[in-house]
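Engineer: Below you will find the structure I want to go over with you.
What follows is calculated from the coordinates using simple rules that are stated; it is not laboratory data. Everything numeric here is computed off the predicted structure, so don't read it as measured data. As a convention, Cβ positions derive from the backbone with ideal geometry for all residues, glycine included, and neighbour counts pool all protein chains shown.
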Ligand code: SAH
């Protein structure tokens, strides 16, 4: 996601300190440390963008603690401010990390996550860039190390090419397909679906949304 550089970005991010995990390596000892109720499922969203899904999901799902991460600070700043703006209804089960998913294993202990969300990940359409796709088997190996046995990856995209590639990677990696659709908004999961900013934009332009849930056994 490209953005013009934000004025006073550092100050704006600092104002959201209470929901930002500034030193994610601290999670290695206790990944539930940022949360008051540590018994909830621990979920990670990678590439949260402007945070609509993060805020909506944390508010709707009271049984999860959600950590949403984004590598572009100016983009994450918008997500942080969106979460802070929820005032009384601000969910206590949502925190953010500004950082790159390539470092996940430095932050989280093995087998600590219940669920990973990938929403509208960059498609990297050139074949030479396949290894950068967040559903490439290099990343699936990382997710496998981080997820508990039986943990799930929940994936949404408008990009049919990325979806097809991802399904092949999931199968080659031996993941269990739990659920799959090429038209999420006309599926049985439409009613509980929390839209992302990209999702709203693409679906308004007439693109159907693909989604898959796979399990790491
Ligand atoms: N999920 C949001 C944004 C989708 S765009 C939405 O659906 O609206 C993809 C986002 O993932 C961008 O904001 C990009 O900066 C972020 N991203 C891409 N690779 C990443 C990585 N390796 N680690 C963290 N964030 C990443």
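Engineer: Tell me, 114, 37 in order of fewest to most beta-carbon neighbours within 10 Å?
Structural biologist: Working: 114 17, 37 11.
Listed from fewest to most nearby Cβ atoms, that is 37, 114.
Engineer: Still on this structure, please answer the following. In Å and whole numbers, how far do the C-alpha atoms of region 30-172 stretch along each principal axis, longest first?
Structural biologist: Sorted from largest, the Cα extents of region 30-172 read 46, 31, 25 Å.
Engineer: On a full-extension model of 0.36 nm per residue, what is the gain between residue 33 and residue 208, subtracting their alpha-carbon distance, rounded to one decimal in nm?
Structural biologist: Working: separation 175, 0.36 × 175 = 63.00 nm, distance 3.83 nm.
Gain in length upon complete extension: 59.2 nm.
Engineer: Taking neighbour Cβ counts within 10 Å as the exposure measure, how do 76, 16, 86 sort from fewest upward? Numbers along the way, then the final one.
Structural biologist: Working: 76 25, 16 17, 86 13.
The fewest-first ordering by Cβ neighbours comes to 86, 16, 76.
Engineer: What's the FRET efficiency of residue 192 with residue 86 using the Cβ-Cβ distance as r and R₀ = 25 Å, to the nearest 0.05?
Structural biologist: Details: r = 19 Å, r/R0 = 0.78.
After rounding to 0.05, the efficiency reads 0.80.
Engineer: Arranged from highest to lowest average of other beta-carbon atoms within 10 Å per residue, in what order do the peptides 8-15, 39-46, 91-98, 103-110 appear? Please list the in-between numbers first.
Structural biologist: Details: 8-15: 13.2, 39-46: 20.2, 91-98: 21.8, 103-110: 16.2.
Those peptides, ordered most packed to least, come out 91-98, 39-46, 103-110, 8-15.
Engineer: What spacing in nm lies between the two simple spin-label points modelled at residue 185 and residue 18, each 7 Å away from Cα in the Cβ direction?
Structural biologist: 3.6
Engineer: Quick one: 178, 75, 55, 194, fewest Cβ neighbours within 10 Å first, how do they rank?
Structural biologist: Numbers: 178 12, 75 21, 55 24, 194 18.
The order, fewest Cβ neighbours first, is 178, 194, 75, 55.
Engineer: Using label points projected 7 Å from each Cα along Cα→Cβ, tell me how many nm separate residue 131 and residue 111, to one decimal.
Structural biologist: Label-label distance for residue 131 and residue 111, simple model: 3.0 nm.
Engineer: If the elastic network links every pair of Cα atoms under 10 Å, which of 25, 192, 57 fluctuates the most in the Gaussian network model of the chain?
Structural biologist: 192
Engineer: In region 23-79, what is the volume of the convex hull around the alpha carbon atoms, normalised per residue and reported in Å³? Mind showing how you got there, number by number?
Structural biologist: Details: hull volume 4.8 nm³, N = 57.
Cα convex hull per residue, to the nearest whole number: 84 Å³.
Engineer: Next question. Taking the highest mean first, how do the peptides 133-140, 47-54 order by number of other beta carbon atoms within 10 angstrom per residue? Don't skip to the answer; put the middle values down first.
Structural biologist: Numbers: 133-140: 19.9, 47-54: 24.1.
Answer by packing, highest mean first, reads 47-54, 133-140.
Engineer: Can I ask one more? Starting from 0.36 nm per residue, how many nanometres of slack lie between residue 11 and residue 173 once their C-alpha separation is accounted for? Mind showing how you got there, number by number?
Structural biologist: Working: separation 162, 0.36 × 162 = 58.32 nm, distance 4.30 nm.
That works out to 54.0 nm of additional length.
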